[in-house]
4 protein chains.
Amino acid sequence: MLIVMNYSATAAEIDDVVKAVRNMGFRAEPIPGGERTAIGVLGNEGYVDDAVIRDLPGVQEVIHVSKPYKLVSRAFHPKSSVIDVCGIKIGKGCRPIVAAGPCAVEGEDQIVRTALAVKAAGADLLRGGAFKPRTGPHTFQGLREEGLRLLALARKESGLPIVTEVMSPDHVERVSECADLLQVGARNMQNFDLLRELGRSSKPVLLKRGMSATIEEFLSAAEYILTGGNPNMILCERGIRTFETAMRNTLDLSVVPLIEELSHLPIMVDPSHATGKRSLVPPMVRAALVAGAHGILVEVHPEPEKALSDGPQSLTFQGFEALMGDVRRLRSFLGFE
Amino acid sequence: MLIVMNYSATAAEIDDVVKAVRNMGFRAEPIPGGERTAIGVLGNEGYVDDAVIRDLPGVQEVIHVSKPYKLVSRAFHPKSSVIDVCGIKIGKGCRPIVAAGPCAVEGEDQIVRTALAVKAAGADLLRGGAFKPRTGPHTFQGLREEGLRLLALARKESGLPIVTEVMSPDHVERVSECADLLQVGARNMQNFDLLRELGRSSKPVLLKRGMSATIEEFLSAAEYILTGGNPNMILCERGIRTFETAMRNTLDLSVVPLIEELSHLPIMVDPSHATGKRSLVPPMVRAALVAGAHGILVEVHPEPEKALSDGPQSLTFQGFEALMGDVRRLRSFLGFE
Amino acid sequence: MLIVMNYSATAAEIDDVVKAVRNMGFRAEPIPGGERTAIGVLGNEGYVDDAVIRDLPGVQEVIHVSKPYKLVSRAFHPKSSVIDVCGIKIGKGCRPIVAAGPCAVEGEDQIVRTALAVKAAGADLLRGGAFKPRTGPHTFQGLREEGLRLLALARKESGLPIVTEVMSPDHVERVSECADLLQVGARNMQNFDLLRELGRSSKPVLLKRGMSATIEEFLSAAEYILTGGNPNMILCERGIRTFETAMRNTLDLSVVPLIEELSHLPIMVDPSHATGKRSLVPPMVRAALVAGAHGILVEVHPEPEKALSDGPQSLTFQGFEALMGDVRRLRSFLGFE
Amino acid sequence: MLIVMNYSATAAEIDDVVKAVRNMGFRAEPIPGGERTAIGVLGNEGYVDDAVIRDLPGVQEVIHVSKPYKLVSRAFHPKSSVIDVCGIKIGKGCRPIVAAGPCAVEGEDQIVRTALAVKAAGADLLRGGAFKPRTGPHTFQGLREEGLRLLALARKESGLPIVTEVMSPDHVERVSECADLLQVGARNMQNFDLLRELGRSSKPVLLKRGMSATIEEFLSAAEYILTGGNPNMILCERGIRTFETAMRNTLDLSVVPLIEELSHLPIMVDPSHATGKRSLVPPMVRAALVAGAHGILVEVHPEPEKALSDGPQSLTFQGFEALMGDVRRLRSFLGFE
């Protein structure tokens, strides 16, 4: 930690900061500069809460060298983590996986047909929402309990493991009965009670990046789950909110190699929500794979024009088959099959 | 609703869209233009879900004229709402109120002393967090249950009504026992299970704008609560996330008059979280009041330099007294006292 | 400057960085920490270019304590600057001024009538664009030379000094003949050849903040002009680009008190471009004044519904008169008249 | 164009809007809805300036169906454009090209060695800045005239065509003497006098997207150049400014396929400026190629640790050779060689 003093800070103020640092049990090293003095803080292991310091007279700024997360960081855990979802391995060195399915479970026929179709085309996991977070209360909110039942049925029929969203701490247990990978949606990335509850679970968790979450906040949210005792974490980039409105969100693909550097956790990419536009999904899937993503999430619907949500970004069965052709060629290019 | 066709859409495609609109029970009015055809949708009352249309062949874009919210809109409810919190009126035409107190309840002495001090200086409500959403798991997370008990004590000692955050649906009942105004924090603005639960309550709710929430999403979140049956809603602008990092957030003051146009709900402003910097709080409080805010939230701490969170943006007792002088002069300037 | 090493940096790498710092003529002070080493750089006066350091093996990050600007900073020049435009004083301690007029000069009748009307209502300066930056080439681009002639005429008729935009280095001389305050538009804030040319002038300059410029970049752009030898600088906040599309831009009012802390230069506010909506202009003008702005820019047009640009954000003569009533009451409230 | 009226607009107001539309020479078609009336505007060919309409009493919003650009749009010009730079073809169906070189020309040895090295590794163009836009005035601003001379020398030695930035209208002629492709930097994307001057040239232009430019603004800027008479345009995505500060900018790769849909112009990608970090450049180059980019720009420096600008994002010669291996394998995968 480095404490930067105001250019007009007095010797007494500098002295008080030095004392406060020592009271916290650390060493303080004043570094006088041309314009102002800075004070280095030594001896801390990990992140120091700066509340006591940041506000002393004469302090201009406190700069953290350590990060607010530790368990998720590669510095702390150099070996890449590989997460197992019903025998499917997700992470560095493994064949990148594909989770596919509709935005929302809408009925038995829709979800079972989709499950069989994406399975036949080569998907590894079935995605589908039973509980749906929707901007306004006057649109379809998901089949909820009935949706979970249908997902279980689709799993039985297709043999595909299920990834589905859990929106509330008190739903974790119930959703875990039918899901193999528990998704935390972008709007809930900082629903800390939910993260804590998932930390107490042993189910694998897929954490989507919040719409305006920095990478530091993203990794800190994952840190809640690892701190709670659940190491089965997969991160997922799904586009961030920017000034650009031509796409639904802006896919931030450079986080894929950056997270590879900062963390040992696997990272997947969801180009359907990121772009919001069917025609942009295949090029962004290809881009994600060569950028190093450990898996992708794609929305597929038997009749996108009748989907109750996210139709415009859903692939048809035919579109998904064509995409899987690309995926196979790229896996082979990348040395995976 | 207006459906814009591709410049190359065929007559058959236009025809299919017209039929789909009629199947939804609405009238469709094709409008041929120089470059492309558009189709007007008539006869709808309120927002129409465009899922069935947006994806038909030849459709380029669907433009909504109606908004996804209704109960919160001024069009639907022209008279400004005034919300009553323990006899204190908040809304258009009422004296703008001041809620003050620490970011987090840290102990009995801290919260009771602050309650008495802000009461003496003229605050209307006491704010203070028992449940604290924090970016990472390794910092202070609030006193939780014990914090609620201390807030109840501070209310008893000072006579001030309490505003405090509720983070989870299953806490609503418990927090309601001690809070007079239930705050939904920025990170939970789209925690829809929480919003639904608050819709079933009759307690007044203070809904903070999400960090990257558009005004349409902000009003749609409030719509959840009104739709649930709870009309006691107050909105709160607390700064949005932008590229600028010199302040903690960017205070978007122009939403104050804009929300006045779009909605009948009262709107408050929180300059402490918006700026993150003590010296910027008083000018932004003054600005909020003359822009038409119906109330302000300000962080105050007996010893900001020892605060466990948000110290740098908290006012001292003395700073708050000085601010209340400004507030009184501005209330008088605005004709309120 | 603080150099943060990777957690795995070797002693040899640390040593190389220390040597490189010494070769630049500064002192280097290694600060070993729990997780990693940092190296303090001492003895520099002002900003150091980190190009030579940032890339050495083992270096993770370089943190600057000094800022890339100096002449504009309050640290360097503690006394607030007051700029004189034809006898009108702009800056701290002076009565906040009002510049008003149309977005673009459209004809003799329009600009002269507006000049006389805003003069009568109490404006201090006449604004109006002769050279107009427009997003696309197929809309009105300004009257250019003829616009300058008409501005000179309006000045003669009304006695008001003129503020108008200059878009190119080779226009500075010509525009200076008729303008009393040279405006650099948001899109040109980093047109460095233009800034250099204005640095060679002695005319006062009004520098608008770029649409996505940080405060550091904004002050660095001003630094170009002061470095060139022209101290007559006024800054202007005009809204920044964010994800919110309900307003044209997001007015960042908190920069007013923040720039007061960081710089000695005066700061004005343009709520017309910031909000893009006539009804939001008066509340934002009031907010800007109590936040400490040294002046405001407002668009006024005799018939906004016929304006060739920015009609929806322009006040009518009547609207401007009403606004000036507010301005006078607030000036009096603030102790200025 | 669709004109949306207020929910409380009177019949007389609707009538006035209809008349105004007819006065412009278009047809007006009122579309009464459940909550409000909208008015369709028919008969326009291309974008209509809404200044006269947008401000009439009762008008709430004007929605444009046509876009503010035409010459650059695929609707107007369905066949993809291929641009020729000294015999190198850039555009759809052509082998994606690589432009490489230092951020800035720093001296004869540096630029000539780099030119020979990137040529040997397989680059198609040499990049290098003579005129450098820099945030503050106290850092290296480029060798300017001398830089142009050295670029000409490097071209002669290596045989590589040159791409370099032009910052001012009055430099276009001089820079054209030594450059084969004229770059407009991100900060100058809306320097309209520069765009107009380039429209009068016949040299190919590489237009970088502005830091906060929407795709509509980006294409509108290109429209200036085509409107001026120069059809030799290449677009370049180089990262946009978002809230995320972990990378220098956020690379918006999804614009590659989106621009392919909207425009006939070629699009290149610059991952060096987008990410600001050497280790992220190769994965983003790979991602850009499979997303459909027609070329890439990469910064290469003989000794990045001594570069006067952008060292941390520059590849070494060895790093560039390795990257070209990837590029060749991907070109082959994509069917280009």
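Key figures for this structure:
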| read-out | value |
| --- | --- |
| Candidate set from the stretch B:289-302 (those that are more than 9 Å from every other protein chain (Cβ to nearest Cβ) and in a loop (DSSP other than H, G, I, E, B)); member that is farthest from C:Ala287 (Cα to Cα) | B:Pro302 |
| The stretch B:136-151 residues that are within 14 Å of chain A (Cβ to nearest Cβ) and in contact (Cβ under 8 Å) with a residue 12 or more places away in the chain, paired with ones that are of a type in the set (Phe, Trp, Tyr) and surrounded by 15 or more Cβ atoms within 10 Å (Cβ to Cβ) (beta carbon under 6 Å, 6 or more apart) | B:Gly142/B:Phe131; B:Arg144/B:Phe131 |
| Subset of the stretch B:98-120 (residues that are surrounded by fewer than 22 Cβ atoms within 10 Å (Cβ to Cβ) and over 27 Å from B:Ser168 (Cβ atoms)) | B:Asp109, B:Arg113, B:Leu116, B:Ala117, B:Lys119, B:Ala120 |
| In the stretch D:303-329, residue farthest from D:Gln141 (Cα to Cα) [restricted to those that are within 14 Å of chain A (Cβ to nearest Cβ) and of a type in the set (D, E, K, R)] | D:Arg329 |
| Elements of type strands (runs of 3 or more DSSP E) in the stretch B:1-103, at least 2 residues being more than 14 Å from chain D (Cβ to nearest Cβ) and modelled with pLDDT of 90 or more | B:82-85, B:88-91, B:97-101 |
| Selection status of B:Ala246, within 7 Å of chain C (Cβ to nearest Cβ) and surrounded by fewer than 22 Cβ atoms within 10 Å (Cβ to Cβ) | yes |
| Looking only at the stretch C:123-135, and only at residues there that are part of a loop (DSSP other than H, G, I, E, B) and touching a residue at least 24 places away in the same chain (Cβ under 8 Å), the one that is surrounded by the most Cβ atoms within 10 Å (Cβ to Cβ) | C:Gly128 |
| Top-ranked residue in the stretch A:206-216 [being over 8 Å from the mean Cα position of the chain (by Cα) and not β-branched (Val, Ile, Thr); ranked as surrounded by the fewest Cβ atoms within 10 Å (Cβ to Cβ)] | A:Glu216 |
| Residue that is over 17 Å from the mean Cα position of the chain (by Cα) and at negative phi, where the choices are C:Leu194, C:Leu150 | C:Leu150 |
| Where B:Gly292 falls short, out of the listed (1) in contact (Cβ under 8 Å) with a residue 24 or more places away in the chain; (2) out of contact with any strand residue (DSSP E or B) (no Cβ under 7 Å at 6 or more places or on another chain); (3) farther than 18 Å from C:Met247 by Cα | (3) |
| Checklist (1) touching a Pro at 6+ places or on another chain (Cβ under 6 Å); (2) surrounded by fewer than 24 Cβ atoms within 10 Å (Cβ to Cβ) applied to C:Leu194, failing item | (2) |
| Per-region count, the stretch B:217-240, residues under 19 Å from A:Thr242 (Cβ atoms) and surrounded by fewer than 24 Cβ atoms within 10 Å (Cβ to Cβ) | 1 |
| Selected residue (only one of B:Arg286, B:Arg278 is within 13 Å of chain C (Cβ to nearest Cβ), out of contact with any Pro (no Cβ under 9 Å at 6 or more places or on another chain) and in contact (Cβ under 8 Å) with a residue 12 or more places away in the chain) | B:Arg286 |
| Of the criteria (1) under 27 Å from D:Gly325 (Cβ atoms); (2) away from every other protein chain (no Cβ under 12 Å); (3) touching a residue at least 24 places away in the same chain (Cβ under 8 Å), which one D:Gly107 fails | (1) |
| Residue check for B:Val163: closer than 14 Å to B:Ile111 by Cα and either over 17 Å from the mean Cα position of the chain (by Cα) or not charged (D, E, K, R) (or both) | yes |
| Any chance D:Ser272 is in a helix (DSSP H, G or I), under 18 Å from the mean Cα position of the chain (by Cα) and more than 7 Å from every other protein chain (Cβ to nearest Cβ) | yes |
| Flag for C:Glu337 being charged (D, E, K, R), surrounded by fewer than 24 Cβ atoms within 10 Å (Cβ to Cβ) and farther than 26 Å from C:Arg113 by Cβ | yes |
| Residue check for D:Lys156: part of a helix (DSSP H, G or I), within 25 Å of the chain's Cα centre (by Cα) and either over 18 Å from C:Ala51 (Cβ atoms) or outside the structural domain of D:Ser202 (by TED's automatic domain parsing) (or both) | no |
| For B:Ala120: the one exception among (1) free of Cβ contacts under 8 Å to residues at least 40 places away in the same chain; (2) in contact with a Cys (Cβ under 9 Å, 6 or more places away or on another chain) | (2) |
| Residues that are farther than 21 Å from D:Ser309 by Cβ and surrounded by 24 or more Cβ atoms within 10 Å (Cβ to Cβ), drawn from the stretch D:260-289 | D:Ser263, D:Leu265, D:Pro266, D:Ile267, D:Arg286, D:Ala287, D:Ala288, D:Leu289 |
| Cβ-Cβ under 6 Å pairs, at least 6 apart or on other chains, the stretch B:177-205 side of a type in the set (D, E, K, R), far side part of a loop (DSSP other than H, G, I, E, B) | B:Asp180/B:Cys86; B:Asp180/B:Pro161; B:Arg187/A:Gln190; B:Arg187/B:Pro133; B:Asp193/A:Met167; B:Asp193/A:Ser168 |
| Residue list for the stretch A:313-325, restricted to those being in a helix (DSSP H, G or I) and either touching a Pro at 6+ places or on another chain (Cβ under 6 Å) or buried (at least 23 other Cβ atoms within 10 Å of the Cβ) (or both) | A:Gln313, A:Phe320, A:Leu323 |
| Conditions (1) more than 18 Å from D:Lys89 (Cβ to Cβ); (2) more than 7 Å from every other protein chain (Cβ to nearest Cβ); (3) in contact with a Lys or Arg (Cβ under 8 Å, 6 or more places away or on another chain); (4) not aliphatic (A, V, I, L, M): number failed by D:Ser212 | (2) |
| Any hit, the stretch D:86-95, residues being buried (at least 22 other Cβ atoms within 10 Å of the Cβ) and assigned by TED's automatic domain parsing to the domain that holds D:Ile234 | yes |
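The values are calculated or read from the model by the stated rules, or taken from the named source; none is laboratory data. Since the structure is predicted, the reported quantities are computational estimates derived from the model, not experimental observations. So basically every Cβ, Gly included, is an ideal-geometry build from the backbone, and we count neighbours across all protein chains shown.
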